[in-house]
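A.B. asks: Okay, handing you the structure first.
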Amino acid sequence: MTFARRAGVLAEALLLLGLAAAPARADFTYQVYDGAWSVLPNFDALSPVATGTTSVLDLTVTSRVDNFGIQFTGTISVPQAGTYAFSTTSDDGSDLRIDGTTVVDNDGLHASRKVQGSIALSAGTHALRVRFFERTGSQVLQVTYAPPGGGERPIPANGALEGPPNPALVGAWSPVIAWPHIAITAANLPDGRVLTWSSTETNAFPSSVEFTHAAVFDPVTLGFTTSNNGFHDMFCAGVATLEDGRIVAAGGNPNDTRTTAFDPTTLGWQPLANMNFNRWYSTTLALPSDELFATFANAAGNTSERYSAASNAWTQTSGATMQDLLNEQNAENGQTTVNSASDLQWWGQMAVAPDGRVFHGGPTQTWHLFDPRGAGAIASLGQPAGTRTRMWGNVVTYAAGQVLLIGGADRTQSPATTNAVYRIDLNGASPVISSAAPMASPRALQNTVMLPTGEALVVGGNTSGELFSDNGAVYAAELWNPATN
């Protein structure tokens, strides 16, 4: 090998080593400012104490912890016209502007808070500016975007945003279907249709106790058949399905003992035997014996009870006491709050094991295994998720004896919501609990739907844990695959 050839090989090796060790691109400029503000100042009128370039829009550009501000500027490139969502999570204030238009306004003194906004962008380049200030205490800044129909992700170092996802790979939503009422409750019918209902009003809180607006949706024709209940307000009742396909609503507004069954063959409602105790916001479960188990609920104290379809009667199961759940909910709701999330409101996260026992995994801290047979029994499973509560999380059974617990909120901890997911195997003598892959977005008040593929689709919710609120709304759905976790 000639000297020139050796030199060329050496130069190529050095070039490759240099490329391997090259730092991430730094396409955004930043300026750091000293000052104590209550709202974002006009940084352009101030003199920075530090400047530089960065590949990330976060607080790693400075070592300051109090009384400072940062302004990031740069260019983003949009591959396809559409409406793009942007968000900042900050403590204290922040905002995000594109081409001079404020897209996210998260200004002011506050704890960590996520605010999202959207803007229609044409294909091409656009000017981006992100501002942030910190007074005292904790400091947080996270900046994300979501392309049309896509999930949240960090803004890349080179500013090149991704366009809408390929629906063949990630799915797609249909146009919005005009529903005849706010669907407080939904239940699958044996033939694939869906029963939903609201309350005495179609789009407002209940005004009486003797009526429920209901309808059956046909996913083939996209049509609705009105199926109102004229004698029972089933707002937030416990819901379960009997083996003959009837949908049972137990309890409801306001703290009711009434129980009603919907017959999918006649599309009519029939009263069943009343429960022994008033229940509202109750989890009701179908047992392998074709019985129902009514659990922790508003106005029900520590009671539980079992319904027999064969005898149309409710039997108290005093051994399966809900006292632990009641004590922990009362204690938690008496704690000092650190965010705006909801308090605990019953709705036990429960699932039925193949042998008929009932697993309880929240939202209160201590988990349990109930036996609803006979007089009932209870066994404690400790606190596998620690002291965090998970109100308005989801529980789904994705295979025989296999359960997922998903997300939830705690108003006494920060952040308010969690992205944690737990797998529970109920096929043995004792539940086997393990962590599953976390969601990309923490959320509460979401829905989780089991698909025919065995996958779980998580839809909606928010990061704030607030009731009736779009604060921190999570628009991107997520798909969990049990085979790959």
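A.B. asks: Please return the ranges of strands (runs of 3 or more DSSP E) entirely within region 1-94 where 1 or more residues are open to solvent by less than 60 Å² (accessible area, probe 1.4 Å), under 21 Å from V115 (Cα atoms) and modelled with pLDDT of 95 or more.
C.D. replies: In region 1-94, the matching strands (runs of 3 or more DSSP E) lie at 68-78, 82-91.
A.B. asks: Could you please find all residues in region 323-370 being of a type in the set (F, W, Y) and in a loop (DSSP other than H, G, I, E, B)?
C.D. replies: Result: W346, W347, W367.
A.B. asks: Still on this model: Report the residue count in region 423-454 for those that are in contact with a Pro (Cβ under 7 Å, 6 or more places away or on another chain) and either among the β-branched types (V, I, T) or part of a strand (DSSP E or B) (or both).
C.D. replies: Residues meeting the conditions: 3.
A.B. asks: Among what's in region 295-346 and is open to solvent by 20 Å² or more (accessible area, probe 1.4 Å) and of a type in the set (F, W, Y), pick the residue that is farthest from T463 (Cα to Cα).
C.D. replies: Selected residue: W314.
A.B. asks: Looking at region 113-131, which of the residues that are over 19 Å from G159 (Cα atoms) and either open to solvent by less than 40 Å² (accessible area, probe 1.4 Å) or aromatic (F, W, Y) (or both) is nearest to the chain's Cα centre (by Cα)?
C.D. replies: First pass over region 113-131, keeping only residues over 19 Å from G159 (Cα atoms): 113-115.
Right, trim to either open to solvent by less than 40 Å² (accessible area, probe 1.4 Å) or aromatic (F, W, Y) (or both) and you get 114-115.
On the way: K114: 14, V115: 16 Å.
Residue satisfying both the conditions and the ranking: K114.
A.B. asks: Oh, and also: If we scan region 464-475, do we find a residue that is surrounded by fewer than 22 Cβ atoms within 10 Å (Cβ to Cβ), farther than 22 Å from A183 by Cα and either in contact (Cβ under 8 Å) with a residue 24 or more places away in the chain or out of contact with any helix residue (DSSP H, G or I) (no Cβ under 8 Å at 6 or more places or on another chain) (or both)?
C.D. replies: For region 464-475, residues surrounded by fewer than 22 Cβ atoms within 10 Å (Cβ to Cβ), farther than 22 Å from A183 by Cα and either in contact (Cβ under 8 Å) with a residue 24 or more places away in the chain or out of contact with any helix residue (DSSP H, G or I) (no Cβ under 8 Å at 6 or more places or on another chain) (or both): absent.
A.B. asks: Is it true that F277 is in a loop (DSSP other than H, G, I, E, B) and either open to solvent by 40 Å² or more (accessible area, probe 1.4 Å) or closer than 20 Å to F231 by Cβ (or both)?
C.D. replies: When the stated conditions are applied, F277 passes them.
A.B. asks: If you check W197 against the conditions, is it among the hydrophobic types (A, V, I, L, M, F, W, C), under 23 Å from the mean Cα position of the chain (by Cα), over 30 Å from Q116 (Cα atoms) and modelled with pLDDT of 95 or more?
C.D. replies: Answer is yes for this residue.
A.B. asks: Can you tell me which of (1) in contact with a strand residue (DSSP E or B) (Cβ under 9 Å, 6 or more places away or on another chain); (2) more than 20 Å from E466 (Cα to Cα); (3) not basic (K, R) is the one G386 doesn't meet?
C.D. replies: (1)
A.B. asks: Next question. Can you tell me how many residues within region 104-117 are in a strand (DSSP E or B) and either under 13 Å from V78 (Cβ atoms) or out of contact with any strand residue (DSSP E or B) (no Cβ under 7 Å at 6 or more places or on another chain) (or both)?
C.D. replies: Selection size over region 104-117: 0.
A.B. asks: Let me ask something else. Quick check: is even one residue across region 171-180 over 30 Å from F262 (Cβ atoms) and out of contact with any Leu (no Cβ under 7 Å at 6 or more places or on another chain)?
C.D. replies: Yes, there is a match, as at least one residue in region 171-180 is over 30 Å from F262 (Cβ atoms) and out of contact with any Leu (no Cβ under 7 Å at 6 or more places or on another chain).
A.B. asks: Restricting the search to region 148-194, which residues are under 24 Å from F224 (Cβ atoms) and over 24 Å from the mean Cα position of the chain (by Cα)?
C.D. replies: Residues satisfying the conditions are P180, L189, P190, D191, G192, R193.
A.B. asks: Another question, if that's okay. Going through region 156-172 one residue at a time, which ones are open to solvent by 90 Å² or more (accessible area, probe 1.4 Å) and modelled with pLDDT of 85 or more?
C.D. replies: Residue satisfying the conditions is E162 alone.
The values are calculated or read from the model by the stated rules, or taken from the named source; none is laboratory data. What you are looking at is a predicted structure, and each value in this text was computed from that prediction instead of being measured. Don't worry about glycine lacking a Cβ; one is built from the backbone with ideal geometry, like all the others, and counts go over all protein chains shown. Calculation scope for accessible area: heavy atoms of the full protein, side chains included, ligands and nucleic acids excluded. Shrake-Rupley method; radii C 1.70, N 1.55, O 1.52, S 1.80 Å.
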